[in-house]
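The values are calculated or read from the model by the stated rules, or taken from the named source; none is laboratory data. It should be emphasised that the depicted structure is a prediction, and the values quoted were computed from it without experimental measurement. Heads up, the Cβs are rebuilt from the backbone with ideal geometry, glycines too, and the neighbour counts pull from every protein chain shown.
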């Protein structure tokens, strides 16, 4: 593999690391670890920790998918491996 291919895969793995890190913080951090702190804030009459574990995480996961798709498209264009 040439240097361009190695640089591309390094960039892809770096992006995947960030995406998986965000997924971990949203699912495990907000849903389990920080739930007590988040429950001190109320949204629509419900504690934020409860809301985030049941509703907010879904919104965050959908946002992560769209952000990943956009960033991966930009990365593909940068390394000229995009579809036309």
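All of (1) in contact (Cβ under 8 Å) with a residue 60 or more places away in the chain; (2) assigned to a helix (DSSP H, G or I) hold for residue 21 with one exception: (1). How many residues are in contact (Cβ under 8 Å) with a residue 24 or more places away in the chain, outside any helix (DSSP H, G or I) and closer than 18 Å to residue 29 by Cβ when one looks only at region 47-84? Of the residues in region 47-84, 0 are in contact (Cβ under 8 Å) with a residue 24 or more places away in the chain, outside any helix (DSSP H, G or I) and closer than 18 Å to residue 29 by Cβ.
Which members of region 37-46 meet the condition of being part of a helix (DSSP H, G or I) and in contact with a helix residue (DSSP H, G or I) (Cβ under 7 Å, 6 or more places away or on another chain)?
Selection gives 38 alone.
Across region 5-59, which residue is modelled with the lowest pLDDT among those that are surrounded by 11 or more Cβ atoms within 10 Å (Cβ to Cβ), under 21 Å from residue 76 (Cβ atoms) and over 15 Å from the mean Cα position of the chain (by Cα)? Of everything passing the filter in region 5-59, 5 is modelled with the lowest pLDDT.
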